[in-house]
Amino acid sequence: MSQQITIGLIGFGTVGSGVARTLLEKGRLLEQRVGARLVLKRVCDRDFRRSRGVRLPPGLATTSVAAVLDDPEIQIVVELIGGVEPARSLILQALRKGKHVVTANKALLARHGRELFAAAAKHDVDLYFEASVGGGIPIIKALREGLIANELDAILGIVNGTSNYILTRMRDKGLSFHEALHEARRHGYAERNPTLDVEGHDAAHKLAILTLLGFGVHVEQSQIHIEGISKVSQADIQYADELGYCIKPLAIVKQADHELEVRVHPTLLEKSHLLANVNGVYNGIYVHGDLVGASLFYGRGAGQNPTASAVVSDIAELARNIISGIGPRLRLDRPHSPRVARLRRMGDIETRYYMRFLVKDRPGVLARIAGILGRHHISIASVHQKERKAARAVPVVMMTHEAKESNVREALAQIDRLGMVRRPTVAIRTEAPRVR
Ligand code: NDP
Ligand code: HSE
């Protein structure tokens, strides 16, 4: 008879109920694959009245967190309540009691990862977090194991399923931003506070985790440039499409000249880009390493079952470690970052830009705009002016060559002060195809 590993789950919501169902319904299969019985002993939530579509065996449900944390038989605690507190405190308590912890809580790891990984190291246990980035995609395991011999120079990720879903539905079905967000919430993709999704913070949390694993650097949220998708308009989606681009919510970390760029923003990608066809709730994470070259990881980035798949993979790995007598395996309290000296200032990054001006349709307008761009060393790659319809203003769309961010900001501030410019100019950064 195989050894038994005992698990306590805290948080019986979208993901927690998926994890409970998987452990209960796939017990036999998991036992065969892992070599141990994964026994769910306790499931804690504030309230069990709401149906989750999972029938828990008698005696599992509890509203007491202590019933999980104080149970000496429980070896692995799974935190799936989300948010910072009380999640942080209860994870720290579990680690102090010598329990391994599995979490999907990227918000918590991004803000308190250093403290939590140090606590895990101090108490000789592991803190696993596969579900925190990319939903069902095993990207964490790929970075910490499969790509371990590589020095990375870039990770570009569509890592917020909700934002990608919204932009895809706006483009393909002409839905409004709010209609698409409503759908994403109904599917269980969005965070409890969906501002985290649409304003880029969830992606920035994930980017901090990817940066730690890929580059050995703990970045604070305040060091990441963050722009969400809430201001992306139907007009820009359509113009981008006509020009051969799509707009994707990208999280970017790049290393060059001992500097690291970390940023999250809507980005124009050529339709031939590897990430351009990552649509709907799907996530795609492009990783470039010195040995492996370009790799692309693709899958469902949110939702009950994909996320449960990732959480259970952590439980299975911990179970294997326990039965093999292997001690803690992750040492993220003291990451190693030999190639990064500093973070690059946002003003110093260089990319190509999409710009949309709304201007009065009269002679000399383009020349004025081009003059200001030229004086700021911004070279225009193409110009597209739309036919004037009813309104007195016309949209002018430009693509630039590579330009420095600080120059672009200064130029646009000057242009937007011109009387002939009717609305603040829209500028969206682009990413070049990166298959090398
Ligand atoms: P839900 O809100 O659906 O579930 C959280 C559950 O925990 C709710 O039932 C909630 O109860 C309960 N809960 C909250 N606080 C406590 C507490 N103090 N004690 C006991 N129970 C508590 O969230 P999700 O399942 O969607 O997300 C869980 C975690 O997984 C989050 O960190 C999220 O970021 C992450 N994640 C989610 C994904 C998704 O697709 N949904 C994908 C990847 C990661 P109540 O409703 O009464 O507050
Ligand atoms: N709200 C997140 C998303 C869940 O939409 O990607 C997965 O982390």
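The values are calculated or read from the model by the stated rules, or taken from the named source; none is laboratory data. Computed from a predicted model, the values in this text were never measured in an experiment. Cβ atoms come from the backbone with ideal geometry, glycine included; neighbour counts cover every protein chain shown. Ligands, DNA and RNA are excluded from the accessible area calculation, which covers all protein heavy atoms including side chains. Shrake-Rupley method; radii C 1.70, N 1.55, O 1.52, S 1.80 Å.
General observations
- Taken together, the criteria place LEU156 among residues that are under 14 Å from PHE297 (Cα atoms), assigned by TED's automatic domain parsing to the domain that holds GLY289 and either free of Cβ contacts under 8 Å to residues at least 60 places away in the same chain or surrounded by 15 or more Cβ atoms within 10 Å (Cβ to Cβ) (or both).
- Test: residue in the range 177-195 that is open to solvent by less than 10 Å² (accessible area, probe 1.4 Å), part of a helix (DSSP H, G or I) and either over 24 Å from GLY11 (Cα atoms) or within 11 Å of ligand 1 (Cβ to nearest atom) (or both): yes
- Note on the range 363-385: among residues that are within 15 Å of VAL421 (Cα to Cα) and open to solvent by 60 Å² or more (accessible area, probe 1.4 Å), the one that is modelled with the lowest pLDDT is GLN385.
- Which numbered condition LYS360 fails, given (1) within 30 Å of ARG409 (Cβ to Cβ); (2) outside the structural domain of LYS404 (by TED's automatic domain parsing); (3) open to solvent by 40 Å² or more (accessible area, probe 1.4 Å): (2)
- Among the candidates VAL15, VAL68, VAL19, residue that is more than 16 Å from ligand 2 (Cβ to nearest atom), at pLDDT 95 or above and β-branched (Val, Ile, Thr): VAL68
- Residues (in a helix (DSSP H, G or I), open to solvent by less than 60 Å² (accessible area, probe 1.4 Å) and touching a residue at least 24 places away in the same chain (Cβ under 8 Å)) located in the range 402-419: GLU405, SER406, ASN407, VAL408, ALA411, LEU412, ILE415
- Residue in the range 156-174 that is farthest from LEU210 (Cα to Cα), counting only those that are at pLDDT 95 or above and of a type in the set (Gly, Ala, Ser): SER163
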